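Novice: Handing you this structure, nothing more for now.
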Amino acid sequence: LRAPNGRLDLKLTGTDARPPRVMRAFAIYMGLALILAALLILFLVRHNVEENSKKKVADHAAFVSSGVIPKLLPAESWNKPLSGETLNEIDRAVNAELLTDGVLKVKLYAPDGTVVYSSDRALIGTKTDEPANIKKAMAGSEVTDVTSVNNEGGQGEDTKAIEAYTPVSYSADSKPAGVFELYNDYGQAAGSIRQQALPLAGAVLLIFLLLYLALFPVLRRTTRQLSYTND
């Protein structure tokens, strides 16, 4: 628009175009971008750490189910819940060999999902609340998941654990006699997430801060120039 004197007036009008408002909008958008970037980093780090942790627990469970359990428990012992001296012997072996390095609890399931052994004796003789996992393991698959153990082990309330279900076979060509379940403390995974996510989030924060400091003077000069009247 031309002013009466013939000069081209480019002066911005309205409160939305004032430089202070532009600065605030710029800061808000930069902050939102920072939050989104931090959340994305946290998601990617958590996913990567959890997948690696689940694989590690699954490998440990597979080793136990193939190399340790068959030596501790005869094949015919899967027909009913363990009791008496057999139960005491398995308890001693489990406490000495398996409940270490973050392992919270172990269970052994009959093919129908009955708990024939658990390091928590109160669970012996009960039925599984995860029949789908037992079915998959009996078919030869390894199943892993992150779950809440609540009062079943670990520290505090609603403590997370990584659980793994693996089939127990007594020969390479035989059907599984049952399923071994291992609960591993989530604390190591949580520590790894913090160790990896915090430095990355800090680096992103520094980058955005430097970018803001570099762009802020440029944006301020631009908005001031647009507010002047030019020919």
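The values are calculated or read from the model by the stated rules, or taken from the named source; none is laboratory data. Everything numeric here is computed off the predicted structure, so don't read it as measured data. Cβ sites come from the backbone with ideal geometry, for glycine too, and all protein chains shown count toward neighbours. When the accessible area is computed, the model is the full protein with side chains, heavy atoms only, and any ligands, DNA or RNA have been set aside. Shrake-Rupley method; radii C 1.70, N 1.55, O 1.52, S 1.80 Å.
Novice: Of everything in region 68-80, what is free of Cβ contacts under 8 Å to residues at least 60 places away in the same chain, open to solvent by less than 90 Å² (accessible area, probe 1.4 Å) and part of a helix (DSSP H, G or I)? Give them in sequence order.
Specialist: 68, 72, 77 - these are the residues of region 68-80 that are free of Cβ contacts under 8 Å to residues at least 60 places away in the same chain, open to solvent by less than 90 Å² (accessible area, probe 1.4 Å) and part of a helix (DSSP H, G or I).
Novice: Now a separate question. From the list 152, 130, which residue is over 15 Å from residue 61 (Cα atoms) and at pLDDT below 80?
Specialist: Among 152, 130, only 152 is over 15 Å from residue 61 (Cα atoms) and at pLDDT below 80.
Novice: Separate question: So, of the residues in region 1-25 that are assigned to a helix (DSSP H, G or I) and at pLDDT below 70, which turns out to be most open to solvent (accessible area, probe 1.4 Å)?
Specialist: So, considering only residues that are assigned to a helix (DSSP H, G or I) and at pLDDT below 70, the one most open to solvent (accessible area, probe 1.4 Å) is 16.
Novice: Follow-up. Have a look at 65, 53 and point out the one that is in contact with a Phe, Trp or Tyr (Cβ under 7 Å, 6 or more places away or on another chain), assigned to a helix (DSSP H, G or I) and in contact (Cβ under 8 Å) with a residue 24 or more places away in the chain.
Specialist: Every option except 65 fails the conditions.
Novice: Then there's this: Can you tell me which residue is most open to solvent (accessible area, probe 1.4 Å) among those in region 29-51 that are over 14 Å from the mean Cα position of the chain (by Cα) and aliphatic (A, V, I, L, M)?
Specialist: So the residue we want is 36.
Novice: Look at residue 120 and say whether it is surrounded by fewer than 20 Cβ atoms within 10 Å (Cβ to Cβ), within 27 Å of the chain's Cα centre (by Cα) and not β-branched (Val, Ile, Thr).
Specialist: yes
Novice: Let me ask something else about it. Find all pairs meeting these conditions: Cβ atoms under 8 angstrom apart; at least six residues apart or on different chains; first residue within region 155-182 and outside any strand (DSSP E or B); second residue at pLDDT below 80 and not β-branched (Val, Ile, Thr).
Specialist: So the pair list comes out as 155/187; 157/150; 157/151; 158/148; 158/150; 159/148; 159/150; 159/153.
Novice: Can you name the residue in region 155-176 that is open to solvent by less than 20 Å² (accessible area, probe 1.4 Å) and at pLDDT 85 or above and, of all such residues, is nearest to residue 81 (Cα to Cα)?
Specialist: 168
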